[in-house]
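J.: This is the structure I have questions about; it appears just below.
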2 protein chains.
Amino acid sequence: MSPQRRFKDSAYEQLARIGKSLAAPKRVELLDLLAQGPRTVEALAELSALSVANTSQHLKVLREASLVSREKQGLYGVYRLADAQVSRFVGTLRRLAHARLPELAEVTHAYFETRDTIDPVDGPELLRRVRRGEVTVLDVRPHDEYLHEHIPGARSIPLDELRARLGELSECQEIVAYCRGPYCVMAADAVTLLRKRGFVAHRIDEGVSDWRARGWRVTQGAESA
Amino acid sequence: MSPQRRFKDSAYEQLARIGKSLAAPKRVELLDLLAQGPRTVEALAELSALSVANTSQHLKVLREASLVSREKQGLYGVYRLADAQVSRFVGTLRRLAHARLPELAEVTHAYFETRDTIDPVDGPELLRRVRRGEVTVLDVRPHDEYLHEHIPGARSIPLDELRARLGELSECQEIVAYCRGPYCVMAADAVTLLRKRGFVAHRIDEGVSDWRARGWRVTQGAESA
DNA sequence: CAAGTATTCAATTGATTACTTAAATAGTCC
DNA sequence: GGACTATTTAAGTAATCAATTGAATACTTG
């Protein structure tokens, strides 16, 4: 075998390491979850409906492909995406899949069809409308994910607190809800609830990492008044 | 199992179809080759050092993931990338792998180390220098790949004709050679040969699809004088 | 140091995968 | 129609993979 061939084989073998990481549906889901912020193994197992041991194994694969990193914090191992480039890459994968695989469009359409339609997001325009007081942007993810990173000016009301905290929302303002991304159903559930209670509510189907990937600013930590 | 869970599972299963396509090194190589232009199965088998039957099977996988399309031309089946988005995606994969996997950088460095260093490309600047007559951009790929798509103003001299056609090149001009991409060695071989003959020669390690992905213009067909 | 907890590891299972060889299709050209 | 060609399919094999189970590791807290 020629040295050239050997070189090519080893180069493409490296590329395929990343490919292999994305070859298992659950691993892609784990990457999507980690795009919301750092998580322990147990939390990831819970969120992805995997056993803890199995989650640990998938994370090992991702770690060996350098897509995630682990930080030992005492008893816990906290995993996070190795790099913002990784979440951008997963976004690229998702857009390619949506463009090329009609089945994916069908699946998402079938699930959300009866509930709402989503409009393409224009970030700067949305922020202007927030500043003018026309719109409330609502982050319905768990609060810690909001703290990790959120759309500027968004309010945090986790989905499971929404019913109890409806009073905090003004009925005069349109509400735009978002959650983890297009395969997360929390924002859609929120919109359903809000509409039932008389609000004008819409959904953004993109998550914070998509927002960031579009080059729009995100806020970390709490909202400074 | 909840309908939510079922939805997520089927959505991520679709994403993983693309992932699985990239899980075999040879399939990534095939995509890279197809980024140079349409190819028959036999040609791809030759270029990727696979058996014809095996190549056909890999192509079937890629076709089922909608990454490539096939057009039957009489006796031949001609494969091509389904979409420019696909080659952009492979480029993204490559950049991610280079950023995250030190092994890949090592492998490429080890192979090219003794031969040349590559400078980052500034397309517009390169084209200006071509227009001023300071530089010749040399496309050393097979002529049909040049015809499919090439860097504007580039001259086509396939690597295996280069030795015989050195007379066509002016010794007063710097030569910048390119080929299929960073894992293709033709440009490096060309530079080695040219330097031995007294030329000032450099290499671009990106291919035409990377050039296009950067938003720079490419030329299809022959160069119009 | 003992009990408890979060995570990883090891061994096993059944399923999938890449590749080979050989046969089957489907088209071309005399 | 028969020989030839390019490609696909089928069958078989060895290797790899995802998931399960149960044990092992490593850290914390009393």
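J.: Any idea which of (1) free of Cβ contacts under 8 Å to residues at least 40 places away in the same chain; (2) among the hydroxyl-bearing types (Ser, Thr, Tyr); (3) under 20 Å from residue A:2 (Cα atoms) is the one residue B:183 doesn't satisfy?
T.: Every listed condition holds for residue B:183 apart from (1).
J.: Mind checking whether some residue in segment A:129-141 is assigned by TED's automatic domain parsing to the domain that holds residue A:187, part of a helix (DSSP H, G or I), in contact with a Phe, Trp or Tyr (Cβ under 7 Å, 6 or more places away or on another chain) and farther than 18 Å from residue A:37 by Cβ?
T.: No, segment A:129-141 has no match at all.
J.: Another question, then. Quick check on this structure: which one of A:39, A:94, A:17 is outside the structural domain of residue A:141 (by TED's automatic domain parsing), under 30 Å from residue B:184 (Cα atoms), within 16 Å of the chain's Cα centre (by Cα) and in contact (Cβ under 8 Å) with a residue 40 or more places away in the chain?
T.: After ruling out the rest, the residue left standing is A:94.
J.: Considering only segment B:192-217, how many residues are surrounded by 15 or more Cβ atoms within 10 Å (Cβ to Cβ) and outside any helix (DSSP H, G or I)?
T.: Selection size over segment B:192-217: 9.
J.: Report whether or not residue A:89 is under 16 Å from the mean Cα position of the chain (by Cα), crowded, with 16+ Cβ neighbours inside 10 Å and of a type outside the set (Ser, Thr, Tyr).
T.: Numbers: under 16 Å from the mean Cα position of the chain (by Cα): yes; crowded, with 16+ Cβ neighbours inside 10 Å: yes; of a type outside the set (Ser, Thr, Tyr): yes.
So residue A:89 passes the test.
J.: Within segment A:97-121, track down each residue that is in contact (Cβ under 8 Å) with a residue 60 or more places away in the chain, β-branched (Val, Ile, Thr) and in a loop (DSSP other than H, G, I, E, B).
T.: A:118, A:121
J.: Could you grab me the full set of residues in segment A:132-154 that are more than 17 Å from the chain's Cα centre (by Cα) and closer than 23 Å to residue A:213 by Cβ? Outline the logic, then answer.
T.: Taking segment A:132-154 first, the residues more than 17 Å from the chain's Cα centre (by Cα) are A:132-136, A:153.
Those that are more than 17 Å from the chain's Cα centre (by Cα) and closer than 23 Å to residue A:213 by Cβ: A:135, A:153.
J.: Here are B:189, B:160: which of them is without any contact (Cβ under 8 Å) to a residue 12 or more places away in the chain, not small (Gly, Ala, Ser) and not in a loop (DSSP other than H, G, I, E, B)?
T.: One residue alone meets the criteria, B:160.
J.: Across segment A:52-62, what is the total count of residues that are over 19 Å from the mean Cα position of the chain (by Cα) and either closer than 26 Å to residue A:182 by Cβ or more than 11 Å from DNA strand C (Cβ to nearest atom) (or both)? Steps first, please.
T.: Let us first name the residues in segment A:52-62 that are over 19 Å from the mean Cα position of the chain (by Cα), namely A:52-54, A:56-57, A:60-61.
If we keep only those that are either closer than 26 Å to residue A:182 by Cβ or more than 11 Å from DNA strand C (Cβ to nearest atom) (or both) too, we end up with A:54, A:61.
Qualifying residue count for the region: 2.
J.: Separate question: Please enumerate the residues belonging to segment B:64-98 that are of a type in the set (Lys, Arg) and at the interface with chain A (Cβ under 9 Å from one of its Cβ atoms).
T.: Matches in segment B:64-98: B:88, B:94, B:95.
J.: Surrounded by 14 or more Cβ atoms within 10 Å (Cβ to Cβ) and modelled with pLDDT of 90 or more: does that describe residue B:158?
T.: Considered against the rule, which asks whether it is surrounded by 14 or more Cβ atoms within 10 Å (Cβ to Cβ) and modelled with pLDDT of 90 or more, residue B:158 comes out as yes.
J.: Looking only at segment A:71-96, count how many residues are away from DNA strand C (no atom under 16 Å from the Cβ) and either part of a strand (DSSP E or B) or not charged (D, E, K, R) (or both).
T.: 10
J.: Report, by residue number, each residue of segment A:99-123 that is more than 8 Å from chain B (Cβ to nearest Cβ), farther than 17 Å from residue A:178 by Cβ and of a type in the set (D, E, K, R).
T.: Once the filter is applied, which keeps residues that are more than 8 Å from chain B (Cβ to nearest Cβ), farther than 17 Å from residue A:178 by Cβ and of a type in the set (D, E, K, R), segment A:99-123 yields A:106, A:113.
J.: Inside segment A:13-47, can you point out the residues that are hydroxyl-bearing (Ser, Thr, Tyr) and either modelled with pLDDT under 95 or near DNA strand C (Cβ under 10 Å from one of its atoms) (or both)?
T.: Residues of segment A:13-47 hydroxyl-bearing (Ser, Thr, Tyr): A:21, A:40.
Hit for segment A:13-47 is A:40, nothing else.
J.: Could you check how many residues of segment A:110-128 are within 24 Å of residue B:9 (Cβ to Cβ), surrounded by 12 or more Cβ atoms within 10 Å (Cβ to Cβ) and modelled with pLDDT of 85 or more?
T.: 1
J.: Tell me whether segment B:27-34 contains one or more residues that are more than 11 Å from every other protein chain (Cβ to nearest Cβ), within 10 Å of DNA strand D (Cβ to nearest atom) and farther than 30 Å from residue A:180 by Cα.
T.: Going residue by residue through segment B:27-34, those that are more than 11 Å from every other protein chain (Cβ to nearest Cβ) are B:34.
Now drop any that are not within 10 Å of DNA strand D (Cβ to nearest atom), which leaves none.
No, every residue in segment B:27-34 fails to be more than 11 Å from every other protein chain (Cβ to nearest Cβ), within 10 Å of DNA strand D (Cβ to nearest atom) and farther than 30 Å from residue A:180 by Cα.
J.: Being within 14 Å of chain B (Cβ to nearest Cβ), more than 10 Å from DNA strand D (Cβ to nearest atom) and either touching a residue at least 12 places away in the same chain (Cβ under 8 Å) or surrounded by 15 or more Cβ atoms within 10 Å (Cβ to Cβ) (or both) is the filter here, so list the residues in segment A:45-61 that pass it.
T.: Hit for segment A:45-61 is A:47, nothing else.
J.: In addition: Right, residue A:107: among the hydrophobic types (A, V, I, L, M, F, W, C) and either in contact with a Gly (Cβ under 8 Å, 6 or more places away or on another chain) or more than 29 Å from residue A:204 (Cα to Cα) (or both) or not?
T.: When the stated conditions are applied, residue A:107 does not pass them.
J.: I would also like to ask the following. What is the one condition in (1) surrounded by fewer than 18 Cβ atoms within 10 Å (Cβ to Cβ); (2) free of Cβ contacts under 8 Å to residues at least 40 places away in the same chain that residue A:147 does not satisfy?
T.: Just one mismatch for residue A:147, condition (2).
The values are calculated or read from the model by the stated rules, or taken from the named source; none is laboratory data. Remember, it's a predicted structure, so these values are computed and weren't measured experimentally. Here the Cβ is made from the backbone with ideal geometry for all residues, glycine too, and neighbour counts use every protein chain on show.
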